[in-house]
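First the structure, in the form of structure tokens, and then the observations on it.
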Amino acid sequence: MVSRRAFLIGGAGFGAVAVAGGVGAILVEEDVLPGKVSFDRAIGRCGSLPAPPRTPGIVQPQTFRSRRRGTDVTAVVVLPAGVRSLWRLPVVVALHGNGGSATSAANGLRLDRYLTDVVRTRAVAPFALVAVDGGPDTYWHRRKSGDDPLGMITEELLPRLGRQGASTDRFGVIGWSMGGYGALLLAETVGAPRMAAAVASSPALFPSYDNARRTNHRAFDDAADFARGDVFAGLGRLAGVPTRVDCGTSDPFAPMVRRFRKRLRPEGGMSGGCHDGAFWLRHLPDQLAFLGDHLR
């Protein structure tokens, strides 16, 4: 299990990097070095990392060969305490950030503890969170190399979970940073009614291909690839999909997230915080409750 200090400084594999300075270490998306975030952390605008709930849940890693991704993929099934199997449970797929993995997402965000707490304290019916490897920098869309993480989810992961007894006719998705973008893209790809609900936490949204290339040259293959994955162009496909989008006001992606929220009018909002684990964990209980309510 990753310590709270390691998660705060090192990003717990979420693709964040420690940027040293006179004010200490901060978490930022790989290759994004916003001076504003450093300043905002120095004056206390980023907020602190909350203590996780005390009761652990069940964490069950499994590995399978993915034809869609051309590699072995790990999926980490997270169940609330007291629930021993996937039998008849609805599913929420969890998408990690840049540089991360299924394991880093499940461990770094203590998904089992937060899921257990939400089920016990908010009258949310049990469901399974399933974090899955999408590749450290695929940005969750089909790449020129043939790597297809979204196809892996819809054509391999969900059928696999269904064979294990899970209820996958409808499912939800949650993602952080790169995974937040991926959650929106997956929701637009699947659409209603199968997509029960989608949550994007600090989604990594870029105003243009040139901006994306300067920020993270691995995010998209080329301008055509960026256009195909433009979640603004696909907003109409979110009709009927309950969606929540949260972002910190000190997040480098805040301007684009504001633009997205203005267009879509989703649940959630802009609030004090940075592009870091402290922000993600503060909002995780409400996000899980939102997903649970719409999975009913």
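Taking θ as phi - 60°, what are the ³J(HN,Hα) couplings along the stretch 257-265 by the Karplus curve (6.51, -1.76, 1.60), each to the nearest whole Hz, with x for Gly and Pro?
Result, rounded to whole Hz: 5, 4, 4, 5, 4, 5, 6, 8, 6.
If you take every DSSP beta bridge whose two residues both sit in the stretch 4-295, what share of them, in percent to the nearest 5, is antiparallel?
Numbers: 16 of 40 bridges.
Just about 40 percent of them are antiparallel.
log₁₀ I(q)/I(0) of the stretch 4-295 at q = 0.08, 0.10, 0.11 Å⁻¹, via Debye over equal Cα point scatterers, no solvent, to two decimals?
-0.29, -0.47, -0.57
Please give the calculated 222 nm ellipticity per residue for the chain, where each DSSP H segment of at least 4 residues contributes -39500 (n - 2.57) and the sum is spread over every residue; nearest 500 deg cm²/dmol? Intermediate values should be presented prior to the final figure.
Working: 11 runs with 99 residues, N = 296.
Taking each H run of at least 4 residues, the total per residue is -9500 deg cm²/dmol.
Whole angstrom only: what separates the Cα centroid of the stretch 236-271 from the Cα centroid of the stretch 71-114?
Here the two parts' Cα centres lie 24 Å apart.
Can you give the Rg to Rh ratio for the stretch 37-179, taking only C-alpha atoms and Rh from Kirkwood?
On the way: Rg = 16.1 Å, Rh = 16.0 Å.
Rg/Rh for the stretch 37-179 comes to 1.01.
In whole Hz, with x marking every Gly and Pro, tabulate ³J(HN,Hα) for the stretch 184-201 from phi via Karplus 6.51 cos²θ - 1.76 cosθ + 1.60, θ = phi - 60°.
5, 5, 5, 4, 5, 5, 7, x, 7, x, 5, 6, 6, 5, 9, 10, 10, 9
Suppose R0 equals 22 Å; then what is the FRET efficiency for K262 and A233 from their Cβ-Cβ distance, rounded to the nearest 0.05? Intermediate results must be reported in sequence, preceding the final value.
Numbers: r = 16 Å, r/R0 = 0.71.
For K262 and A233, the calculated efficiency is 0.90.
Which of the cysteines in the chain are isolated, no other cysteine C-beta under 4.7 Å?
C247
I want the local charge near A192. Using Cβ-Cβ distances under 12 Å, sum +1 for each Lys or Arg and -1 for each Asp or Glu among the other residues. All intermediate terms of the calculation are to be shown ahead of the outcome.
Numbers: positive: R170, R194, R237; negative: E188.
Net of charged neighbours comes to +2.
We did not get these values from a lab; they are worked out from the coordinates using the rules stated. Everything numeric here is computed off the predicted structure, so don't read it as measured data. When we count neighbours, we look across all protein chains shown, and the Cβ atoms used for this are built from the backbone with ideal geometry, even at glycine.
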